[in-house]
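Everything on this sheet refers to the single structure shown next.
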Amino acid sequence: MTAETTTILPPDQVLTAARRFFTGGEAVHSTWIETESSTHVSFATFRSNIVVSAVPDSRAAGATMVRVSSLRDAGAVGRFLTFLSTAAEGSSSDAPTDQKAEES
């Protein structure tokens, strides 16, 4: 499953949120960081990988395009997008996020 969304959070904050969500003390899954760069972080799980990428959205100033992919754990993708939209609302209550999921 691959899902895309836009957010008002800058790319580095999206990746920080992903690290906290997938590896923090409250993480639902046992994951570890497999690879990362300034635009992505890839988490390995027991049976799958989850990849989060974040880049400035060329269509909207101040927005970030976020893509989350996983071959097996679609539930984690949706939970992270919910977590991310909550984080964005916390930083600005009047800037909505737009979520669009597409099967890959």
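Here are some notes:
- Selection of strands (runs of 3 or more DSSP E) fully inside the chain by the criterion of at least 1 residues being hydroxyl-bearing (Ser, Thr, Tyr) and at pLDDT 90 or above returns 2-7, 32-36, 40-44, 49-56, 64-70.
- Of all residues in the range 10-21, those satisfying the criterion of being hydrophobic (A, V, I, L, M, F, W, C) and either surrounded by fewer than 18 Cβ atoms within 10 Å (Cβ to Cβ) or touching a strand residue (DSSP E or B) at 6+ places or on another chain (Cβ under 6 Å) (or both) are Val14, Leu15, Ala18.
- Answer residue from the range 22-40, given it is in contact (Cβ under 8 Å) with a residue 24 or more places away in the chain and touching a Phe, Trp or Tyr at 6+ places or on another chain (Cβ under 8 Å) and is surrounded by the fewest Cβ atoms within 10 Å (Cβ to Cβ) among those: His29
The values are calculated or read from the model by the stated rules, or taken from the named source; none is laboratory data. Predicted model, so just to flag it, every value in this text is computed and none were measured. Here Cβ is always computed from backbone atoms with ideal geometry, including for glycine, and neighbour counts include all displayed protein chains.
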